[in-house]
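To start, the structure itself, in structure tokens.
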Amino acid sequence: MIPNARMGVSMLVVAVMASVAYAQTQNAPMDSDQQITDFSLSGFGNKGKKNWDLSGQSANIITDTVKLKNVVGNLYNEQGDIRLSADTGDYNKKDGQVHLEKNVLISTSTGARLTTNSLNWDRKNQVVATKEAVNIERDNIIATSLGAVGHPNLNKVSLEKDVQMNIDVDTQQPADTQAKDTKSKINITCEGPMEIDYQRNIATFNKKVKVETKDAIMYSDQMEVYFLKSDEPKAVAGVMSANAMGSKVDKIKALGNVTIIQGENVSQSNEAEYNASTNKITLSGKPKLVIYSDRDMDKALSKR
């Protein structure tokens, strides 16, 4: 009786496995070779340390392409950990390229977040790129554009077209007042591209740049925004660094065909520099002051 019982159990296991395999086959697309419920892939460095991993659910293996759902990828390096996620994605087994779609998110251990609708991840060259609308947030800085390319850690990113950056700036009221700290904003737009380099603490805007502050509007061909280093050290790969880019603006340099509007005053120059701490603008390179009537002012602004 015992051998027969074992045989019965074995036949039951085989039957269950056959049922699962049949169900997977029925649910799998007609053009797929096979379907699995989980997918996981990892890459390791010379010393056996994991460099990256990629995982997903309901992966359909179609020739050289692996179809994934609920995709999660991680990069591990000295500059900090990076996490990529999306609802769906494709993994190319030949070249290692990863294409992510729907609710794509990149988040870094330094606090940066990128969201978009689709993204290509080149693991070999460590580059991420998208032609879709993209949103990047870090501390109190929000940047948006159409299209972007950069390193997955988001330390250096080029935003391609229709760029807009909004910066919340801390403004401290005089000590003899009892008012609380308030927020003012710096809004910057340009046709693009705009390159932001968090390691050098600078963002460079190109083509028809416009900056709006609380007290002035400034136009130029190109603009460089310099940020102060962070007052608070950030954790990068478990190491505290005091050299991380902060969220406060140090100065703004405007280059080429500069026009500055402050109330009724309109100034023009080749170059200008805005100092955030003193809230002053210094003109250089043949500056001049132009006084417009209200009607002429409207005409001048319409030409920008």
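The values are calculated or read from the model by the stated rules, or taken from the named source; none is laboratory data. Note that the coordinates shown come from a computational prediction; the quantities given were computed from them, not determined experimentally. Cβ atoms come from the backbone with ideal geometry, glycine included; neighbour counts cover every protein chain shown.
Among the listed residues 123, 138, identify the single one that is among the basic types (Lys, Arg) and under 16 Å from residue 198 (Cβ atoms).
Result of the check over 123, 138: 138.
Do we have residue 53 as under 20 Å from residue 120 (Cβ atoms), surrounded by fewer than 12 Cβ atoms within 10 Å (Cβ to Cβ) and at pLDDT 80 or above here?
Values: under 20 Å from residue 120 (Cβ atoms): yes; surrounded by fewer than 12 Cβ atoms within 10 Å (Cβ to Cβ): no; at pLDDT 80 or above: yes.
So residue 53 fails the test.
Can you name the number of the only condition in (1) assigned by TED's automatic domain parsing to the domain that holds residue 277; (2) in a loop (DSSP other than H, G, I, E, B); (3) of a type in the set (Lys, Arg) that residue 94 fails?
Single failed check for residue 94: (1).
Sort out which residues of region 68-83 are closer than 14 Å to residue 110 by Cα and either in contact (Cβ under 8 Å) with a residue 60 or more places away in the chain or touching a Gly at 6+ places or on another chain (Cβ under 7 Å) (or both), and write them in order of number.
So in region 68-83, the residues closer than 14 Å to residue 110 by Cα come out as 75-83.
Across region 68-83, the qualifying residues are 75, 77, 78, 79, 80, 81, 82.
Conditions (1) of a type in the set (Val, Ile, Thr); (2) surrounded by fewer than 14 Cβ atoms within 10 Å (Cβ to Cβ); (3) touching a helix residue (DSSP H, G or I) at 6+ places or on another chain (Cβ under 6 Å), marked per residue:
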residue: 49; (1), (2), (3): no, yes, no
residue: 68; (1), (2), (3): no, no, no
residue: 82; (1), (2), (3): yes, no, no
residue: 117; (1), (2), (3): no, no, no
residue: 120; (1), (2), (3): no, no, no
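Here is a list: 71, 128, 66. Which entry is modelled with pLDDT of 80 or more and more than 29 Å from residue 159 (Cβ to Cβ)? Don't jump to the end; show me each part of the working.
Values: 71 fails: more than 29 Å from residue 159 (Cβ to Cβ); 128 fails: more than 29 Å from residue 159 (Cβ to Cβ).
Going through 71, 128, 66 in turn, just one is modelled with pLDDT of 80 or more and more than 29 Å from residue 159 (Cβ to Cβ): 66.
Within region 249-304, how many residues are at pLDDT below 80 and not basic (Lys, Arg)?
Matching residues across region 249-304 total 14.
Assess whether residue 162 counts as being acidic (Asp, Glu), in a strand (DSSP E or B), touching an Asp or Glu at 6+ places or on another chain (Cβ under 9 Å) and at pLDDT 90 or above.
So residue 162 fits the description; yes.
Given the conditions (1) in contact with a Lys or Arg (Cβ under 9 Å, 6 or more places away or on another chain); (2) closer than 23 Å to residue 160 by Cβ; (3) in a loop (DSSP other than H, G, I, E, B), and given that residue 125 satisfies all but one, which numbered condition is not satisfied?
(1)
Which of the residues that make up region 86-96 are buried (at least 16 other Cβ atoms within 10 Å of the Cβ) and either modelled with pLDDT of 90 or more or touching a Ser or Thr at 6+ places or on another chain (Cβ under 6 Å) (or both)?
Within region 86-96, 86, 88, 89, 90 meet the criteria.
Which one of these is modelled with pLDDT under 95 and more than 23 Å from residue 44 (Cα to Cα): 138, 83?
Values: 83 fails: more than 23 Å from residue 44 (Cα to Cα).
Within the list 138, 83, the selection yields 138.
Run down 211, 169 and say which single residue is surrounded by 13 or more Cβ atoms within 10 Å (Cβ to Cβ), at pLDDT 80 or above, in contact with a strand residue (DSSP E or B) (Cβ under 9 Å, 6 or more places away or on another chain) and in a strand (DSSP E or B). Let's see the steps before the verdict.
Working: 169 fails: at pLDDT 80 or above.
Being surrounded by 13 or more Cβ atoms within 10 Å (Cβ to Cβ), at pLDDT 80 or above, in contact with a strand residue (DSSP E or B) (Cβ under 9 Å, 6 or more places away or on another chain) and in a strand (DSSP E or B) holds for just one of 211, 169, which is 211.
Every residue in region 70-80 that is in a strand (DSSP E or B) and surrounded by 22 or more Cβ atoms within 10 Å (Cβ to Cβ), please.
Step one: filter region 70-80 for residues in a strand (DSSP E or B), giving 70-75.
Within region 70-80, 71, 73, 75 qualify.
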